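To start, the structure under review is shown below, and the notes come after it.
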Amino acid sequence: MTSIEIEETPFHEPFGPEYLRPAQKDCPDCPCCTAELCERGRASVLECTGHSNQESKGTVRNCPCSAEATKGTLAWRAAKIRAVTAGTERPLAEEVEEVLRQIAAGGPIVDPKGLLQQLTDRRYVTFEQIRPVLTDFGRTYLDARTGPRTVTPVVVHDVDRKARTVRVVVVGYSPDRPVTVPLDHLANSRTGLKPDDLWGKVLHAEANCQAEDPDDVVLTKMQPPAQPLPQARRRTILAIPRHAGDALTVALPVLETRPDGDE
């Protein structure tokens, strides 16, 4: 039998003694993150911080590309939904809400109990220099407390899995001004829908249909397609184009005001 002797020598990596990860592109919109990190953070309620290692969290915290305070981020949209839910289902204590209304009015604030802290904790109020002012979420909360909310059909128009958002047509608001909502707001255990099932589905929700900006339309109390719309009559067909030459036609139940005594 022939014996083979193998000489043990140091093994050299083809990349050299130490492999360095290729540098990633910096985000063009902030000084703290890579472009890839901001893309992920913008599409997550965890923001950039939730997708960073422990060493980087301090650097990327409050990154404007994904921050809750930045209009259009997923965290911002989720916070608007929470504010409406609080305003319609779990309102603030009366004395706390009074302080919020004083801030909204822009006049002197009477707060002997120091209730302002509760409003800043909820991020309904922030400070400009030393003056307390409403945030988007504070205004959204107050609008939900006093403004009308209408039950309306909602038709899924487009699903963006990467951005974790869905564009929908809110029939009671506008047939040609789509509203963007978080994907998980529609695809969840309550609706029984998965992301791949969403396109073309007709759901029902409460909405502030008087809003001027589509980004300010907030949907709550989302109902799955199987549930009938209360006091509705089918009387219209809505054609929603998905691509050029391609239209989704859906028979929609449209709310009507019933005459007194009409059951």
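The values are calculated or read from the model by the stated rules, or taken from the named source; none is laboratory data. The structure presented is a predicted model; accordingly, all values stated were derived computationally and were not measured. Heads up, the Cβs are rebuilt from the backbone with ideal geometry, glycines too, and the neighbour counts pull from every protein chain shown. Quick note on the areas: whole protein, heavy atoms, side chains included, nothing else; ligands and nucleic acids left out. Shrake-Rupley method; radii C 1.70, N 1.55, O 1.52, S 1.80 Å.
Restricting attention to region 98-142, the residues that are closer than 13 Å to Ala83 by Cβ and either surrounded by fewer than 19 Cβ atoms within 10 Å (Cβ to Cβ) or of a type in the set (A, V, I, L, M, F, W, C) (or both) total 8. Each residue in region 188-200 was checked for being free of Cβ contacts under 8 Å to residues at least 40 places away in the same chain and open to solvent by less than 40 Å² (accessible area, probe 1.4 Å), and 3 of them qualify. Residues that are among the small types (Gly, Ala, Ser) number at least 2 in the following helices (runs of 4 or more DSSP H) confined to region 27-101: 35-42, 74-89. Only one of the numbered conditions (1) touching a helix residue (DSSP H, G or I) at 6+ places or on another chain (Cβ under 8 Å); (2) under 24 Å from Ala211 (Cβ atoms); (3) among the acidic types (Asp, Glu) is violated by Asp111, and that is (2). For region 78-91, the condition holds for no residue, the condition being that it is under 25 Å from Arg40 (Cα atoms) and without any contact (Cβ under 8 Å) to a residue 40 or more places away in the chain.
Do the conditions hold for His185, that is, is it open to solvent by 20 Å² or more (accessible area, probe 1.4 Å), within 30 Å of Glu36 (Cβ to Cβ) and at pLDDT 95 or above? Spelling it out, His185 is indeed open to solvent by 20 Å² or more (accessible area, probe 1.4 Å), within 30 Å of Glu36 (Cβ to Cβ) and at pLDDT 95 or above.
Please work out which residue is modelled with the lowest pLDDT, limiting yourself to region 52-75 and to residues that are in contact with a helix residue (DSSP H, G or I) (Cβ under 8 Å, 6 or more places away or on another chain), crowded, with 18+ Cβ neighbours inside 10 Å and under 21 Å from Arg123 (Cβ atoms). The selected residue is Val60. Scanning region 145-187 for residues being of a type in the set (D, E, K, R) and touching a residue at least 24 places away in the same chain (Cβ under 8 Å) gives a total of 7.
If you go through region 151-193 and pick out every residue that is under 18 Å from Arg40 (Cα atoms) and among the polar types (S, T, N, Q), you end up with 2. Exactly one residue out of Leu252, Leu203 is open to solvent by less than 30 Å² (accessible area, probe 1.4 Å), modelled with pLDDT of 85 or more, part of a strand (DSSP E or B) and at negative phi, and it is Leu203. Among Arg145, Arg167, Arg177, which is the only one that is within 20 Å of Leu219 (Cβ to Cβ) and in a strand (DSSP E or B)? Answer to the selection: Arg167.
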